[in-house]
Amino acid sequence: MLVDTLGLLLSVVVHRGDVQDRDGAKWVLAQATFDFARLRIIRADAGYAGRLVEWVRLGCGWTLEIIRRTSRGFEVLPKRWVIERTFAWLGKYRRLSKDYEYLTESSEAFIYAAMIHIMVRRLN
């Protein structure tokens, strides 16, 4: 899932459970390459470190900043709370609270529908 600095959805790709998040990130970022050419910096947690940083730089032309923990235990990581808040917003929707869907396309569609609902509510 790719979100902006407000936590609003830019792009989402739901993949099978046997795909590592680091590998699935390539699908999301490849899709976003065509839709969001103005992106410059992408922030991710330490689970996305490694070869993905170089792939993003060479393949997409963006900088992938890895946000690492500085200590053990609970710690609010800078900018990490933005995506966690988005997950919390989506978790309020019954269909997204569990993995009910058989098709990954259905899951993606419900995520987009939930984000549309969230953004429309903000217009009032």
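The longest part of the chain holding none of the exposed loop chymotrypsin sites (Phe, Trp or Tyr not before Pro), meaning those outside H, G, I, E and B in DSSP with at most 12 other Cβ atoms within 10 Å, is 1-73. Distant-in-sequence amide contacts of Arg43, defined by a placed amide H-H separation under 5 Å and a gap of 5 or more residues or a different chain, comprise Glu65.
3J(HN,Hα) along the range 20-32: 4, 4, 4, 6, x, 4, 4, 5, 5, 5, 5, 5, 6 Hz, from the Karplus curve 6.51 cos²θ - 1.76 cosθ + 1.60 with θ = phi - 60°, whole Hz, x for Gly and Pro. With R₀ fixed at 25 Å, the C-beta to C-beta distance from Val76 to Met119 puts the FRET efficiency at about 0.50. Its Kirkwood hydrodynamic radius, worked out from the mean inverse distance over all distinct Cα pairs, puts the chain at 15.7 Å. Of the residues Asn124, Gly17, Ala109, the one whose Cα sits farthest toward the positive end of the charge dipole of the chain, with +1 on the Cβ of Lys and Arg and -1 on the Cβ of Asp and Glu, is Asn124.
Report D for the range 1-66 in µm² per second (integer): Stokes-Einstein, Kirkwood Rh on Cα pairs, 25 °C, 0.890 mPa s. So the translational diffusion coefficient is about 203 µm²/s. For Gln20, neighbours were defined as the other residues whose beta-carbon sits under 12 Å from its Cβ, and their charges (Lys and Arg +1, Asp and Glu -1) total +1.
Taking all protein chains together and rolling a 1.4 Å probe, Ser106 ends up with roughly 40 Å² accessible. Could you please state, rounded to a whole Å, how far the C-alpha centre of the range 98-113 is from the C-alpha centre of the range 50-76? Comparing the Cα centres of the range 98-113 and the range 50-76, I get a distance of 27 Å.
Please state the relative contact order of the chain as a whole percent: Cα pairs under 8 Å, 6+ residues apart? Normalised by residue count, the contact order of the chain is 24 percent. Show me the GluC sites (Glu not before Pro) within the range 1-100 that DSSP assigns to loop and that have at most 12 other Cβ atoms within 10 Å of their Cβ. When the GluC sites (Glu not before Pro) of the range 1-100 are filtered for loop state and at most 12 Cβ neighbours within 10 Å, Glu75 remain. One chain, two ends: Arg22 and Asp4. Fully extended at 0.36 nm per residue, the span grows by 4.6 nm beyond their Cα-Cα distance.
The values are calculated or read from the model by the stated rules, or taken from the named source; none is laboratory data. Only a predicted model underlies this, so the values are computations on that prediction, with no experimental measurement involved. A quick note on method: Cβ atoms are made from the backbone with ideal geometry, for glycine too, and the neighbour counts reach across all protein chains shown. Please note that ligands, DNA and RNA were not included when accessible areas were found on the heavy atoms of the full protein model with its side chains. Shrake-Rupley method; radii C 1.70, N 1.55, O 1.52, S 1.80 Å.
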